[in-house]
Amino acid sequence: MNNFSARRPVRSFVRRQGRITPSQQSALEELLPKYGIQYSAGLGLLPINLLGNPDLPLTLDIGFGDGELLASMASGNTHRNFIGIEVYTAGIGHCLKLIDQKNIRNLRLVSGDAVEVMEFGIEGASINEINLFFPDPWPKKRHRKRRIINAAFIELMSEKLMPGGLVNISTDWENYAEQIEDLFAKRKYFVKKSSLARCESTKFEKRGLSLGHEIFDFTYELLA
Ligand SMILES: C[S@@+](CC[C@H](N)C(=O)[O-])C[C@H]1O[C@@H](n2cnc3c(N)ncnc32)[C@H](O)[C@@H]1O
């Protein structure tokens with residue numbers, strides 16, 4: 001099997017059910033079929049109805065957490081389509097409720113491992129922008145191999161982005177920020193830009209700030 005997942009020894013998450021409220025649970029059951037999909041690699045490319053109007057640019061948000069920022073970005077940018085990918089079921093349930101309550105039409109959710117979704121679900125050169133806001137930092141040295149941003153994932157993002165496409169990353173972990181800068185600097189097909197992507201804070205940014213962490217924001221553009 002020549003695929004990225006097979007080359008990837010460990011996952012960037014530990015699947016925990018976590019505390020899920022009854023309303024998040026019912027949102028998952030009733031609203032996921034309406035506004036998203038439960039993805040596994042065998043499904044192949046994401047269904048076309050999930051991708052929205054093909055004339056609009058498409059942004060992926062990988063690991064959107066509770067989806068508050070994603071829902072707000074989608075509501076404020078109706079000229080773009082957004083797809084959020086998450087494994088945290090309570091967060092997916094929360095975001096589904098936001099989509100429904102606020103009648104957000106340009107946002108769809110994928111419940112599944114973003115690495116598999118990116119590899120098997122997304123066509124090459126089809127994405128305009130990828131957001132990775134506060135990816136799990138896996139701070140212990142022995143866990144760093146779990147960090148989602150690694151050489152292979154950067155390669156995968158470069159395959160799925162359109163030329164001129166952007167990767168926006170934020171982290172509050174200094175040594176993850178250093179690792180990200182090193183990895184991108186070695187890949188001459190990405191060029192660093194000034195970062196403008198995040199107009200609002202996220203839950204994990206607030207947590208980082210409360211711990212006294214500095215926030216590092218990066219934007220990289222895929223060269224044509
Ligand atoms: C630290 S949280 C950040 C959430 C949100 N972006 C924010 O800033 O509040 C990282 C999120 O990434 C998700 N995640 C980690 N690896 C993932 C993967 N391979 N596919 C999808 N989601 C993933 C986790 O479940 C978690 O919700």
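For a Förster distance of 41 Å, can you work out the FRET efficiency between the beta-carbons of Leu56 and Arg144, rounded to the nearest 0.05? Once the sixth-power term is evaluated, E becomes 0.65. Sorted on the mean count of surrounding Cβ atoms within 10 Å across their residues, most packed first, peptides 61-67, 51-57, 95-101, 203-209 read 61-67, 95-101, 203-209, 51-57.
Looking at the square roots a ≥ b ≥ c of the eigenvalues of the Cα gyration tensor of segment 93-208, which shape do they give, rounded for a/c under 1.5, prolate if a/b is larger than b/c, or oblate? All intermediate terms of the calculation are to be shown ahead of the outcome.
Values: a/c = 1.55, a/b = 1.21, b/c = 1.29.
Because a/c hits 1.5 or more and a/b fails to exceed b/c, segment 93-208 counts as oblate.
In square nanometres and to one decimal, what's the mean projected area of the convex hull around the Cα atoms of segment 141-224?
For segment 141-224, the mean projected area of the Cα convex hull comes to 6.0 nm².
Sorted from greatest to least, the principal axis extents spanned by the alpha carbons of the chain come out as 44, 39, 37 Å. Subtracting the Cα-Cα distance of Leu196 and Arg15 from 0.36 nm times their residue separation leaves 62.0 nm of extension gain.
Note on the chain: helix-only mean residue ellipticity at 222 nm, from DSSP H runs of 4+ residues weighted -39500 (n - 2.57) and normalised by residue number, equals -9500 deg cm²/dmol.
Does segment 49-136 classify as rounded, prolate or oblate by the C-alpha gyration tensor (a ≥ b ≥ c root eigenvalues; a/c under 1.5 gives rounded; else a/b over b/c gives prolate, otherwise oblate)?
Values: a/c = 1.61, a/b = 1.06, b/c = 1.52.
Because a/c hits 1.5 or more and a/b fails to exceed b/c, segment 49-136 counts as oblate.
Each Cα pair under 8 Å and six or more residues apart adds its separation to the average, and for the chain the resulting relative contact order is 21 percent.
Every read-out reported here was derived from the displayed coordinates using simple, explicitly stated rules and does not represent laboratory data. What you see is a predicted model, and the numbers here were worked out from it, not measured in a lab. Here the Cβ is made from the backbone with ideal geometry for all residues, glycine too, and neighbour counts use every protein chain on show.
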